[in-house]
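The values are calculated or read from the model by the stated rules, or taken from the named source; none is laboratory data. Since the structure is predicted, the reported quantities are computational estimates derived from the model, not experimental observations. Here the Cβ positions follow ideal geometry from the backbone for every residue, glycine too, while neighbour counts run over all protein chains shown.
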Amino acid sequence: MSNKQGNIKLSAALSYGVILFSIAAGLFYTPWMVKQIGRDDYGLYILVTTFLAYFVVDYGMWQSINKLLSQYRAEGNEQKIKQTIGVATKIYLFFDIVICVVLCCVYFFIDTIFGSLSPTELVKFKTVFLIAGAFSVLNFPFGFVRGVMYSFEYLTQSRYYELAGKIGLIITTIIVLLLGGGLYWLVLVYAFVPLVKNILSVQFLYRKGVRMDFRFWSREAAMSIFGISVWLLFYVLAELFVNNISPTIISIRNSLEQVSVFAIGLTIYSYVYQITNSVAGLFLPKVSKMRLHGQHKEIDDYAIKIGRLQLIITGFLVFGIIVSGSQFINAWMGEAFANSYYVACLMTIPGLIIYSQQIELAKLYAENKIFLQSAMMLLTAITSVTLSYILTPEYGAIGAAIGIAASNFVFMAVGMNVIYRKVLNFDSKKFYTFIGKFVGVFTAVALLIMAFTKYIYEPYFLLSNEWLNFLFVASIYAALYCVSVYFLLMNRSEKELVISIIKKIKR
């Protein structure tokens, strides 16, 4: 195994470790945090952070930088690398100034935008907005760092910094709340810890000899970044409208209580998204090199190989939520958040297809055809917002989730597969064949466990402790899932991979 392959595998393992740590920590401190600050303040916290995301999102430029620097490194063009980083830094600083001005203007229209909030809630919202907005402006110029780290294949180090940031955020949050800090301190921690992580990441790159030519500027270099990122901008903004605008719609069309219900379902969805997308961006340098050498068949084979592994992971999570998510939410947050189960299920199901196609997406980026993905996401956003606006008055959080799920399935699952087949000439038959077989086995396992739970476990063996009920059902599901996948779905190389991992763990 080459060093680069080992780096990708270690980075992927660390990525999953970061997410698993976040989930494990979240299990303990999220319900406690809600109890400490109250459901309404938690709803305000989610509302502010999701609303701010529209303005301080990266706009896809880190991915542009990742692609360009990966290309220049493959060509051995050191001068272009320095110039691109310098131009990117200036672009980020310019946008940071614009964002600062826009946020100042938005502040004076908060009463109008969130007119459904009470006077007390508006005062809290404005204070939180000022704190989070100020630190968001400070953090934004560091957005390019992720693209540089990925392109130089400092994948492992990037994940170490991410893990340190997660640990620091959670520990600091717990300390602050234990000392009596409320909503305002919570938001301050949320904003300050990432700033420290960003500064340390830049210091690491500097020690590794990564430099930029800050004096250099050219319209051509800027357009090289914008030529890619303009479509990524549309994609990122559209994606934000799919998920992050939902709390705003719910607060306007329903209540803050429903925002909290949606937030818990969104949290579970975000865990699935982070786990399944933790390797996103890791493959672009490799796919770019394979494409440069004309290895198109090898890319297709690589897509199926990675897609199968991604689907096994995604299927375990999605069907695990379907099977035992209700018990988990009742044990974790209480019966008041029971509807969060349906939100989580609806939002994660389309991911079975979407998250299994990382290589196809990387090739789309490598061939500068990102505008097709952006167009699909734009259609997803328009449809999702429309359906959510119609459904939330009556169905609340579940209505918003229905809009998101339907839109994602039609455009990001089905629509993107049409693009992969027609534009990139991927073998759709192979993909649909293994997707159908895998999902069929996953469904059979889920139905079997759900039938056992309903007709045997709950009538005769149900325990008074919600956590024990969840752990029992989840353990049976996990065991049956792993056995079924190993014997019914995995090929020889995948089984050898599992055996090698088990041997390493035993050592």
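If you go through the range 1-49 and pick out every residue that is hydroxyl-bearing (Ser, Thr, Tyr), more than 20 Å from residue 163 (Cβ to Cβ) and at pLDDT 75 or above, you end up with 3. Tallying residues that are farther than 18 Å from residue 259 by Cβ and in contact (Cβ under 8 Å) with a residue 24 or more places away in the chain within the range 383-408 yields 4. When the test is whether a residue is closer than 28 Å to residue 215 by Cβ and either among the charged types (D, E, K, R) or in contact with a Gly (Cβ under 8 Å, 6 or more places away or on another chain) (or both), residue 121 does not pass it. Of 369, 363, all but one fail to be surrounded by 20 or more Cβ atoms within 10 Å (Cβ to Cβ), touching a residue at least 40 places away in the same chain (Cβ under 8 Å) and among the basic types (Lys, Arg); the exception is 363. Among the residues of the range 114-161, those identified as basic (Lys, Arg) and under 21 Å from the mean Cα position of the chain (by Cα) are 146, 159. Scanning the range 455-466 for residues that are at pLDDT below 90 and assigned to a helix (DSSP H, G or I) yields 457, 458, 459, 460, 466. Within the range 159-172, one or more residues are in a helix (DSSP H, G or I), over 28 Å from residue 63 (Cα atoms) and of a type in the set (Val, Ile, Thr).
Rundown of residues vs (1) modelled with pLDDT under 90; (2) more than 26 Å from residue 488 (Cα to Cα); (3) not in a helix (DSSP H, G or I), yes/no style:
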position	(1), (2), (3)
408	no, yes, no
421	yes, yes, no
425	yes, yes, yes
434	yes, no, no
443	no, no, no
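If the condition is being at pLDDT 85 or above and of a type in the set (S, T, N, Q), then the range 61-82 contributes only 79.
Within the range 319-352, restricting attention to residues that are β-branched (Val, Ile, Thr), within 20 Å of residue 477 (Cβ to Cβ) and in contact (Cβ under 8 Å) with a residue 60 or more places away in the chain, the residue that is surrounded by the fewest Cβ atoms within 10 Å (Cβ to Cβ) is 349.
Residue by residue, here is whether (1) in the same structural domain as residue 355 (by TED's automatic domain parsing); (2) more than 26 Å from residue 355 (Cβ to Cβ); (3) at pLDDT 90 or above; (4) surrounded by fewer than 16 Cβ atoms within 10 Å (Cβ to Cβ) holds:
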{"site": "452", "(1), (2), (3), (4)": "no, yes, yes, no"}
{"site": "468", "(1), (2), (3), (4)": "no, yes, yes, yes"}
{"site": "474", "(1), (2), (3), (4)": "no, no, yes, no"}
{"site": "480", "(1), (2), (3), (4)": "no, no, yes, no"}
{"site": "486", "(1), (2), (3), (4)": "no, no, yes, yes"}
{"site": "496", "(1), (2), (3), (4)": "no, no, no, yes"}
{"site": "501", "(1), (2), (3), (4)": "no, no, no, yes"}
{"site": "505", "(1), (2), (3), (4)": "no, no, no, yes"}
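If the condition is being over 20 Å from the mean Cα position of the chain (by Cα) and crowded, with 20+ Cβ neighbours inside 10 Å, then the range 373-387 contributes no residue at all.
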